[in-house]
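The values are calculated or read from the model by the stated rules, or taken from the named source; none is laboratory data. The structure displayed is predicted, hence computed values, not measured ones. A quick note on method: Cβ atoms are made from the backbone with ideal geometry, for glycine too, and the neighbour counts reach across all protein chains shown.
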Amino acid sequence: MVWLWGAALCGPPGQPVVDAVTPTSVALHWDKPRDTGGGKLHGYIVEAKPTAGPGDWKEVNVDPVREPEMVVPHLKEGQEYQFRVRAVNEAGPGAPSTATGPVVAEKPPGASHPLSRTGWAEKSRATCSRP
């Protein structure tokens, strides 16, 4: 993708919300940014980082996703992560959203299917709330 210099970057999208979790993935959604920099919104880049030890934010998707939602694959079971999102317009990726609270890649309690939401609401309040 080619970025246009001189165009304004997007403002931050809304803080990602965890919809579901599995031992190897997390489903997220977020609100669109209030400020698109005056340009067309091309999509979103999701970033992740493990909470243990030093670590930089790493892009999860190479190409922007068009909708404000994504399933983040390839997580390590039992590892704790944080996620944030950047909106992308013709100027490039904008400011990052506020990060999620810590999220553990694990099967939610009481879930018969890996992406089942059963039991996740209680877990998400405990692991995804702000300090």
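Count of the range 61-89 residues, restricted to those that are of a type in the set (D, E, K, R), in contact with an Asp or Glu (Cβ under 9 Å, 6 or more places away or on another chain) and surrounded by 12 or more Cβ atoms within 10 Å (Cβ to Cβ), is 3. In the condition set (1) among the aliphatic types (A, V, I, L, M); (2) within 10 Å of the chain's Cα centre (by Cα); (3) closer than 17 Å to Ala95 by Cβ, Val71 is compliant with all but (3). Would it be correct to say that Tyr81 is touching a strand residue (DSSP E or B) at 6+ places or on another chain (Cβ under 6 Å), aromatic (Phe, Trp, Tyr), more than 26 Å from Pro108 (Cα to Cα) and free of Cβ contacts under 8 Å to residues at least 60 places away in the same chain? No: the conditions fail for Tyr81.
Pairing residues of the range 44-56 that are under 16 Å from Val26 (Cα atoms) with residues that are among the charged types (D, E, K, R) and outside any strand (DSSP E or B), at Cβ distances under 7 Å and at least 6 apart in sequence or on separate chains, gives Lys49/Asp56.
Looking only at residues that are small (Gly, Ala, Ser) and over 18 Å from Gly14 (Cα atoms) in the range 40-60, which one is surrounded by the fewest Cβ atoms within 10 Å (Cβ to Cβ)? Spell out the reasoning first.
From the range 40-60, those small (Gly, Ala, Ser) are 43, 48, 52-53, 55; that's our starting set.
Now drop any that are not over 18 Å from Gly14 (Cα atoms), which leaves 52-53, 55.
Numbers: Ala52: 10, Gly53: 6, Gly55: 12.
Here the answer is Gly53.
For the range 91-109, the criterion of being free of Cβ contacts under 8 Å to residues at least 24 places away in the same chain and more than 19 Å from Pro50 (Cβ to Cβ) is met by at least one residue.
One residue stands out among those in the range 1-22 that are among the β-branched types (Val, Ile, Thr) and modelled with pLDDT of 95 or more: the one that is farthest from Ala105 (Cα to Cα), which is Val17. The residues of the range 12-22 that are assigned to a loop (DSSP other than H, G, I, E, B) and among the small types (Gly, Ala, Ser) amount to a single one, Gly14. Is it true that Ala8 is among the small types (Gly, Ala, Ser) and part of a loop (DSSP other than H, G, I, E, B)? Considered against the rule, which asks whether it is among the small types (Gly, Ala, Ser) and part of a loop (DSSP other than H, G, I, E, B), Ala8 comes out as yes.
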